[in-house]
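The next block holds one structure in the form of structure tokens; read it before the comments.
The values are calculated or read from the model by the stated rules, or taken from the named source; none is laboratory data. Since the model is a prediction, treat every value here as computed from it, not as a measurement. When we count neighbours, we look across all protein chains shown, and the Cβ atoms used for this are built from the backbone with ideal geometry, even at glycine.
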Amino acid sequence: VRGVASFIVILLAAMNDGVVVLATVYERRGEIFTLASIGLNPTHIFSIFMAEAIILGFIGGGLGYILSFTIFRFLQVFNVNVPIDVKTSVYDAALVLFVAVASSAVAAMIPALKASAYATPSLRRKWKLEAERMGEEWFVDIPTKVSREKAGDFAQFLVERLREKELGLEVSVYDVSLKEEESEAGKTYVVRFTYGRGGGRPFTAYCRIVLEPYTKDFYRIKFSLSIRSPYGRFVNRYIHEVASFVRTIVLEWASLRVRVLTPVGREISRVIDLVKHYNPQLLILASRGAQFSLRDLKRSIRYAGLRVPAIEVVDMSGRSFEEIVADLRELVKKADIICIDSDDGVLSAALSLASILENKRVVTKVQNKYIETNLGKFVGIVG
């Protein structure tokens with residue numbers, strides 16, 4: 001096979017490898033989110049799928065070469081004359097493997113790029129430190145955006161993640177605060193914290209993250225810091241360390257998608273179990289009179305070895321049942337998971353009715369398993 005015919009064969013093989021990798025990307029979307037949430041950046045995810053494609057091409061090319069050589073030798077035993085010259089030199093084998101690996105790698109590039117951007121579509125695939133100095137303060141670009149409706153939840157998420165590092169040994173984060181400021185464009189959220197590192201080259205970074213309206217639908221992040229250290233020549237390394245720390249938190253937020261809605265009374269163990277099972281980005285709690293302590297809930301989540309999501313508490317005390325259902329219908333629209341289990345029967349019933357009216361599926365725990373169902377099919381209501 002020579003000329004255009006050989007090129008067509010290579011093209012078909014490359015397209016086949018590309019389809020296989022693309023199918024793998026779609027099948028492993030959950031795994032991609034998990035990899036992003038534990039700290040892998042888009043470049044890492046891209047490299048994983050490229051490595052798999054290269055291995056696929058190497059194995060496929062090697063097996064194909066060995067199988068073709070074996071078949072021709074087998075046909076010669078039965079005196080079957082095949083007018084093809086089978087080359088078995090080391091050079092020919094290396095050339096076959098190179099073509100197989102190269103075609104597989106080229107075909108896998110687009111699916112691998114799609115995988116790298118799947119969990120974090122608003123982030124660049126490769127992050128480069130871009131810092132500008134004004135006086136003693138450095139301004140660092142964090143290339144991401146947050147939807148306007150999630151800006152407050154994102155600010156709270158930042159604060160919770162920063163406070164998890166307050167008890168660090170070599171690296172610690174302290175003096176964490178969140179302030180909301182009103183402007184004509186909307187609310188602006190300012191998160192301040194101090195990042196400190198001990199050891200051989202200690203330094204302290206006084207940091208500020210500003211989440212401000214950028215467009216009609218999105219907020220942008222402005223990150224600034226000032227460094228205090230006796231080792232001034234390492235300031236760029238210190239800035240990169242702190243900026244990477246902040247970016248990791250932003251990357252984790254981008255990888256988490258689930259928003260959970262559930263009623264709650266005094267008992268918070270069900271809420272902790274929901275956080276453990278779904279690892280939500282946002283936890284919406286419907287309550288009547290805040291019968292539980294939000295501080296105790298966050299502390300219990302941390303003691304369980306879990307990360308605290310952004311938490312929104314909606315107080316529905318003093319409202320009629322019809323008003324509660326109406327308010328819950330609005331909350332149901334923006335929730336991905338709706339759990340109706342709670343120790344507040346009124347709120348559970350109201351949430352069930354709101355879910356039926358919005359034709360949304362709900363989950364309930366049965367024998368230590370969360371079961372998803374559509375309550376509307378039991379009562380014949382759709383809409």
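Numbers at a glance
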quantity: Among residues of segment 137-151, those that are of a type outside the set (S, T, N, Q) and touching a strand residue (DSSP E or B) at 6+ places or on another chain (Cβ under 7 Å), counted; calculated: 9
quantity: Hits in segment 181-197 (condition: touching a residue at least 24 places away in the same chain (Cβ under 8 Å) and assigned to a strand (DSSP E or B)); calculated: Ser183, Gly186, Lys187, Thr188, Tyr189, Val191, Phe193, Tyr195, Gly196, Arg197
quantity: Qualifying position, being modelled with pLDDT of 75 or more, farther than 25 Å from Ile110 by Cβ and assigned to a helix (DSSP H, G or I), among Ile45, Ile71, Ile55; calculated: Ile71
quantity: Boolean, Asn374 is on the phi > 0 side of the Ramachandran plot, surrounded by 12 or more Cβ atoms within 10 Å (Cβ to Cβ), without any contact (Cβ under 8 Å) to a residue 40 or more places away in the chain and out of contact with any Ser or Thr (no Cβ under 7 Å at 6 or more places or on another chain); calculated: no
quantity: Hey, Phe321 exposed (fewer than 14 other Cβ atoms within 10 Å of the Cβ), aromatic (Phe, Trp, Tyr) and touching a residue at least 12 places away in the same chain (Cβ under 8 Å) or not; calculated: yes
quantity: Inter-residue pairs, beta-carbon under 8 Å, first closer than 9 Å to Ala286 by Cβ and in segment 327-351, second basic (Lys, Arg), 6+ apart; calculated: Asp327/Arg319; Ser342/Arg270; Asp344/Arg288; Leu347/Arg288
quantity: Filter result for the condition that a residue is surrounded by fewer than 19 Cβ atoms within 10 Å (Cβ to Cβ) and either more than 18 Å from Leu95 (Cβ to Cβ) or within 29 Å of the chain's Cα centre (by Cα) (or both), over Ile59, Ile32, Ile55, Ile66; calculated: Ile55
quantity: Flag for Ile227 being surrounded by 16 or more Cβ atoms within 10 Å (Cβ to Cβ) and either within 23 Å of the chain's Cα centre (by Cα) or not assigned by TED's automatic domain parsing to the domain that holds His240 (or both); calculated: no
quantity: Test result for Gly196, assigned by TED's automatic domain parsing to the domain that holds Glu241, over 24 Å from Glu149 (Cα atoms) and either of a type in the set (Ser, Thr, Tyr) or loosely packed, with under 13 Cβ neighbours inside 10 Å (or both); calculated: no
quantity: Residues located in segment 244-276, provided they are buried (at least 19 other Cβ atoms within 10 Å of the Cβ) and of a type in the set (S, T, N, Q); calculated: Ser255, Thr262
quantity: Single residue of segment 356-365 satisfying the filter (in contact (Cβ under 8 Å) with a residue 24 or more places away in the chain and farther than 14 Å from Leu274 by Cβ) that is nearest to the chain's Cα centre (by Cα); calculated: Lys360
quantity: Scan of segment 145-180 for residues that are part of a strand (DSSP E or B) and among the aliphatic types (A, V, I, L, M), ordered by number; calculated: Val146, Val171, Val173, Val176, Leu178
quantity: Residue that is modelled with the highest pLDDT, among those in segment 198-229 that are basic (Lys, Arg) and not in a loop (DSSP other than H, G, I, E, B); calculated: Arg208
quantity: Within segment 216-237, considering residues that are in contact (Cβ under 8 Å) with a residue 40 or more places away in the chain and among the hydroxyl-bearing types (Ser, Thr, Tyr), the one farthest from Tyr189 (Cα to Cα); calculated: Ser226
quantity: Residue ID - surrounded by the most Cβ atoms within 10 Å (Cβ to Cβ), chosen from residues in segment 277-302 that are without any contact (Cβ under 8 Å) to a residue 60 or more places away in the chain, part of a loop (DSSP other than H, G, I, E, B) and not hydrophobic (A, V, I, L, M, F, W, C); calculated: Pro280
